[in-house]
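A quick write-up on the structure given underneath.
Derivation of every value follows stated rules applied to the coordinates shown; laboratory data play no part. Note that this is a predicted model, so its numbers are computed, not measured. A quick note on method: Cβ atoms are made from the backbone with ideal geometry, for glycine too, and the neighbour counts reach across all protein chains shown.
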Amino acid sequence: MKDKIISDVIVSTVVKIAQKGRGIFFIPIITFYLGTSAYGAYAQLLVVTNLFAGIFGLGLHAGLIRYFQRCTDKKEKCIIYFDVLAFVALIGFAISAILYFYSSQISTLTLGDTEYTAMYQMGSVLVPLSILNRIVKNYYKSSRFLKLYSIIDGLKTYVTIGMVSYIVVIMSGSLSDVVTAIIGIEICFFLILQADVIRRIGITVPKFQTIPGIFDYSALFMISQVSSGFLSRADRLLIGYFLGPTAVGVYTTAYKVSNLILLFALPLNNSFFPEFSNLWEDGESQRAIQYLNSGVRYFLTLCVPSILGFLLVGESLLRLIAPESIAVQAANLLPALGIGIALWSLIRLYSSLFFAAESPKRIASIRFSGAVINVILNAILIPILGLFGAVITTVVSYLLVLSVILLWSRSKLGIHSHFPGVNKIGTAAILMYILARQLWIENIWFTILSSAVLYFIILYGIGGVSRDEITLIIRSLRDIISS
């Protein structure tokens, strides 16, 4: 099973790089051709629709994973799947209609102007699409077809990049054209995945009889997810309200680049939850804890040098993808945002074990408290300190949430090995930074490559990574290529 997890993580990481690349790629496409305000508005649309999807998806996509583990045949899976899919579709399209009719007010609240009302009206369709795609995705996760889903999702990413580039650069299209294209691509790929699901488990008429039982589990997950949404997105909503779409564009540019750190954790999170659920069902909780500790160590190994890398090449990297006026402002936010994203990634990794252990209430209460603190601090600090107020709030609120989760994971789940190997990882990263600063290579790509090589040489030299671990990763890569 460990080899399978590593294999899934590697494939999913490659695809996540492409997906994060899409977010980065859209920065120059939209900012250079449509303007910083247009990029800020586009980013805010995604924030709002994702928040609505998180609230009104009712967490049922998480319940799908948990209850699939108890199914003994395809018929049971088919009944649960289509009950959940049809139920959230009805809710999603109802919420989409409400968002459409109140789009003017939402535009004013999130961007300080009614100028983007039409964009919100069109983008309202993204709410049900986002909810439905989460259900389909979790079918693949729970059925252990994560690699297949990742490959298809990666293809969608490249199609989206190509289509948006064509519309903006070649056809001189507008922001509304971009949103229309994204909606069309989302619908097409949802139908492709849905056809594959039907091929595997069949189809049935939903009767919604399984919904009450699943909702009993998923309700607390929904609270946790909504709280997480506010934790990670309240800053941009309040920046839009207080400072306007241009400030959202600057902040989101820095956030998207620092958010690259998250791609080291998301594949782990996607693989861990279904595997942990299985292990907990089989009474192998200690094995799940061992996997979690290994995953945290893997994440820290990649994330710590990346944060110091932002100090090395952050501004140079931003100048490649955004106008200079944005790059200079965003570069100042990058290292601290990187720390915040790292903390958020650890929150997600440790939370997956609580959900597998059917203890979502604890995580929900912690995240809800963190979300309240986040909103209050943002409302106080953004008017006073501007974008730096949002950065400070991000780091402080994430640190508080993670600290409580670590205390509870020790007392409730018996996790006694937090952040394994962090001393050697930190030492190697600091030495990498010092040596790279001394070399001071002007070419950004050579700086990144040489710093990465330096880091892993130092880490191996001080015993931060073993030969057996390297062999295991190479074997997993070989299995992926040959499969």
Practice task
Taking 7 Å along the Cα-to-C-beta vector as the label spot, tell me the residue 101-residue 159 distance in nanometres, rounded to one decimal.
Solution key: 3.3 nm
Problem - Near-label residues of segment 26-49 by backbone N, under 15 Å of a point 7 Å along Cα→Cβ of residue 114 - result: none
Exercise for the section: Please report 408, 445, 344 as a ranked list, fewest other C-beta atoms within 10 angstrom at the top and most at the bottom. Expected result: 445, 408, 344
Problem - Residue-span extension gain [residue 199 to residue 460] - 0.36 nm each, minus C-alpha spacing - result: 89.3 nm
Handout entry: Highest to lowest packing among 248-261, 196-209, 317-330, scored as the average C-beta count within 10 Å
Key = 248-261, 317-330, 196-209
Problem - Ordering of 32-41, 381-390 by burial proxy (mean other Cβ atoms within 10 Å per residue, highest first) - result: 32-41, 381-390
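Going by the alpha-carbon gyration tensor, a ≥ b ≥ c the square roots of its eigenvalues, is segment 29-186 rounded (a/c under 1.5) or, if a/c is not under 1.5, prolate (a/b greater than b/c) versus oblate? Walk me through the numbers before you get to the answer.
Values: a/c = 3.01, a/b = 1.62, b/c = 1.85.
Oblate, since a/c reaches 1.5 and b/c is not below a/b.
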Fill in the blank from the handout: Stretched fully, the stretch from residue 151 through residue 169 gains (0.36 nm per residue minus C-alpha distance, one decimal, in nm) 3.8 nm
Exercise for the section: State whether segment 146-259 is rounded, prolate or oblate according to the following rule on the C-alpha gyration tensor (a ≥ b ≥ c being the square roots of its eigenvalues): a/c under 1.5 gives rounded; otherwise a/b larger than b/c gives prolate, and the remaining case gives oblate. Expected result: oblate
Problem - 3J(HN,Hα) from dihedral phi, segment 303-320, Karplus parametrisation 6.51/-1.76/1.60, rounded to Hz, x for glycine, proline - result: 7, 4, x, 5, 5, 5, x, 4, 5, 6, 10, x, 5, 4, 5, 5, 5, 6
Fill in the blank from the handout: Between the alpha carbon centres of segment 237-256 and segment 109-154 the gap in Å comes to 21 Å
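So how much slack lies between residue 369 and residue 328, counting 0.36 nm per residue of separation and subtracting their Cα-Cα distance, in nm? Present the calculation step by step, with values, prior to reporting the outcome.
Details: separation 41, 0.36 × 41 = 14.76 nm, distance 3.39 nm.
Length difference between fully extended and current span is 11.4 nm.
Taking 60 Å as R0, compute the FRET efficiency from the Cβ-Cβ separation of residue 442 and residue 94 and round it to 0.05. Before the final figure, lay out each step's value.
Working: r = 56 Å, r/R0 = 0.93.
Once rounded, the FRET efficiency stands at 0.60.
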